[in-house]
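The values are calculated or read from the model by the stated rules, or taken from the named source; none is laboratory data. All values derive from a computational prediction rather than experimental measurement. Cβ coordinates were reconstructed from backbone atoms using ideal geometry, including for glycine residues, and neighbour counts include every protein chain displayed. Calculation scope for accessible area: heavy atoms of the full protein, side chains included, ligands and nucleic acids excluded. Shrake-Rupley method; radii C 1.70, N 1.55, O 1.52, S 1.80 Å.
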Amino acid sequence: MAAEKFSNPVVRWVDHRLPIFSMLDHEKYDYPVPKNLNYFWNFGVLAGMALVIMIVTGIVLAMNYTAHVDHAFSSVERIMRDVNHGWLIRYIHMNTASFFFIVVYIHIFRGLYYGSYKAPRELLWMLGVVIFLLMMATAFMGYVLPWGQMSFWGATVITNLFSAIPFVGESIVTFLWGGFSVDNPTLNRFFSLHYLMPFVIAGVVVLHIIALHRFGSNNPIGIDAKGPQDTISFHPYYTIKDMVGVAMFLLLLAVAVFFFPNAMGHPDNYIPANPMQTPAHIVPEWYFLPFYAILRAVPDKLGGVLLMFAAIFVLFVLPWLDRSPVRSARFRPMFRIFFWLLFIDCIALGYLGGKPAEGIYVLLSRIATGWYFLHFLVLLPMLSIFETTKPLPKSISEPVLATAKGVA
Amino acid sequence: MANTNSKPGASDTDVRDPGRRDFIVVATYAMGAVGAAAVTWPLIDQMNPAADTLALASTEVDVSKIAEGQAITVTWRGKPVFIRHRTGDEIARANAIDSAELRHPEEDEIRVQKPELLVVVGVCTHLGCVPLGQKTGEVKGEYDGWFCPCHGSHYDTSGRIRKGPAPTNLEVPPYSFLSDSVIRIG
């Protein structure tokens, strides 16, 4: 049946034996997508594109990089000065890393707002959290590779998190380092894993997409498509809509790469690593700051580490914390207020994570950390019970047609 | 359901002026292709020699210390260069042969700037091994020049291929005499 779709005889011959064209066709044309998606549904595609840019530029950078404590820093400087277009490739890699996180954070908040994590998309959501964790590990190890001061001390501090584990902590840290401090063996294994992880991410992305295509995209009003009148084909409607987002993304990325390449980095990382001296004020990359703030908010070593990891793991169980049957925040007036409070709370944590751990900042970090967990562990389960939601439209088409009539 | 949605595009286009719509589509693809090519070029060009590699592309050598009949090996662009101070006998033998009979016909005199000083890249033109014959006691091949141990190519006292699989003579690198005693290769 599928084979007759193609007029090109070579395509037909291949497709009969290896149905890749049918598969692509199926995903492009037959895959029904709710017709009311807004631009927030661009961010999955944008994240995928960021991953591709990272892998391509990363492979190319690895051709010019030397993973050795004596040469890593100067090999990166050589990339910046001597390698043809090396400065461009490295700046794209650096800035796309940040853009990847911006895009993924928007993607996550999109999911939180429109209830995309709810049944039957729990696994889709959990796979997304896995991707987020893998991204954090990859980004952390990538930041170590230039072997500047921030690389070295970031690696030291983050690996030392594991020393908080009772009894075996110290042994684990020694194991991670391959020695008694962050040194050449550490750098070598980080380079190896930094190269491996993006491909693991790509694998989980495939699972993420398989899970997505099982029930299709959620949508701004959060009710299921009732039939063909509620959906349109992915191609050309959403491919073209995604291209608008891609163009914007690339435009902003180009602005960052060409005009503010180091705006999201830290100048101390242009000082070669010195194991004898810690910089006065060390901060992680901006995308880790909210979690860093939670870590520092707790006056106990093990407690801080546990709470920081808990801040991510709470997302895994989110589908079971928020029991409300209504997905979209549009029909949940109370939830919508708390969503924005959570959003502000996360921004505040990010801000506080970049401030020195002293005075008022410590207190504010504790309040913000408390609110974060209060939201997920108390408010969401309570809202599921006590919130009065607005009536849902009968179908995806109904509100669209109603507005259209109103305008006419 | 699938059929109602399948392959919009051609049928959906503006029937009043299909040419204009086609132009937009083709122009978009063309723009995308140009953009993709422009982005791909830096990713490919980074594999070409970097500025610091190119900066190391010449080597200066003092040749006055090489005794007659002796040879030295220097490094130029990561490859060995053979510099041999030839004896009168070796020069005579290099000139004795009619070059037209050789696989790669070259007169000895066009391969040297001063007859006693032969400078060749010490890389066999077959598959890139370094031929033997620089050190005293090494096999020099049947023509008393160099012998490549990998696949048995014999070079003569002018570095020309005489026997074996190599297709061309040992390459003469560009070099110049900075003074009577110093040459710069590259």
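Observations, loosely collected:
- Buried surface for the B/A pair, taken as the accessible area of each chain alone minus that of the pair with a 1.4 Å probe, is close to 1700 Å² in total.
- Accessible area of chain B belonging to carbon and sulfur atoms, whole % at 1.4 Å probe: 58
- Cα-centre dipole for the range A:283-386 with unit charges at Cβ (Lys and Arg positive, Asp and Glu negative), debye to 20: 340
- Extent along the principal axes, Cα only, for the range A:28-278: 66, 49, 25 Å, with the longest axis given first.
- In this simple spin-label approximation, residue A:358 and residue B:36 carry label points 7 Å from Cα along the Cα→Cβ vector, and these lie 5.5 nm apart.
- Residues losing 50 Å² or more accessible surface upon assembly, the range A:85-110, compared with the chain by itself, 1.4 Å: A:85
- Taking the centroid of alpha carbons for each part, the range A:228-267 and the range A:55-112 are 19 Å apart.
- The packing ranking of peptides A:357-365, A:118-126, highest mean first, is A:118-126, A:357-365, where packing means the average number of other beta carbon atoms within 10 angstrom of each residue.
- Rounded to 10°, Cα long-axis angle of helix B:18-45 versus longest principal axis of chain B: 30
- Nonpolar atom fraction for the range A:283-386, defined as the carbon and sulfur part of the 1.4 Å probe accessible area, stands at 76 percent.
- In chain A, the calculated helix contribution to ellipticity at 222 nm averages -20500 deg cm²/dmol per residue, counting -39,500 (n - 2.57) for every DSSP H run with n ≥ 4.
- Angle in degrees between helix A:43-62 and the longest Cα principal axis of chain A, rounded to the nearest 10: 40
- Folded to 0 to 90 degrees: helix A:360-374 orientation relative to chain A principal axis, Cα: 40
- Taken along the Cα-to-beta-carbon direction at a fixed 7 Å, the label points for residue B:59 and residue B:184 span 1.6 nm.
- Taking amide H as placed 1.01 Å from N in the peptide plane, the amide H of residue A:232 sits under 5 Å from that of A:33, A:35, each at least 5 places away or on another chain.
- Only Lys, Arg (+1) and Asp, Glu (-1) charged, at Cβ; the protein assembly as shown dipole about Cα centre in debye: 2480
- Per residue, the protein assembly as shown exposes 52 Å² of accessible surface when a 1.4 Å probe is rolled over the protein heavy atoms with every protein chain present.
- Heavy-atom accessible area, 1.4 Å probe, ligands and nucleic acids excluded: residues of the range B:15-51 down by at least 50 Å² from chain alone: B:42, B:43, B:46
- For the range A:283-386, the extents of the C-alpha atoms along the principal axes are 41, 23, 22 Å, listed from largest to smallest.
- Coordinate range of the alpha-carbon atoms in the protein assembly as shown per principal axis, descending: 108, 70, 40 Å.
- Candidates A:21, A:36, A:83 compared by Cα position along the dipole of the range A:1-116: farthest toward the positive end lies A:36, with charges placed on Cβ.
- Within the accessible surface of the range A:28-278, defined with a 1.4 Å probe on protein heavy atoms only, the carbon and sulfur portion equals 74 percent.
- Occluded residues from the range A:16-53, i.e. those whose accessible area drops by 40 Å² or more once the chain is not alone (1.4 Å probe): A:29, A:30
- Absence of a disulfide-compatible partner, taken as no other cysteine beta carbon within less than 4.7 angstrom, is noted in the protein assembly as shown for A:346.
- Of A:5/A:118; B:114/B:140; A:118/A:301; A:28/A:390; B:79/B:163, pairs whose Cα-Cα distance is over 31 Å: A:5/A:118; A:118/A:301; A:28/A:390
- Each residue of the range B:61-73 was assigned a 3J(HN,Hα) from its phi angle through the Karplus curve 6.51 cos²θ - 1.76 cosθ + 1.60 (θ = phi - 60°); the sequence is 9, 8, 9, 6, 8, 7, 6, 4, x, 9, 9, 10, 10 Hz, with glycine and proline shown as x.
- Relative intensity of the range A:340-388 on a log10 scale, I(q)/I(0) at q = 0.23, 0.31 Å⁻¹, equals -0.79, -1.10, per a Debye sum over C-alpha point scatterers of equal strength in the absence of solvent.
- Projecting the Cα positions of A:192, A:324, A:340 onto the charge dipole of chain A (unit charges on Cβ atoms of Lys, Arg, Asp and Glu, taken about the Cα centre) puts A:324 furthest along the positive direction.
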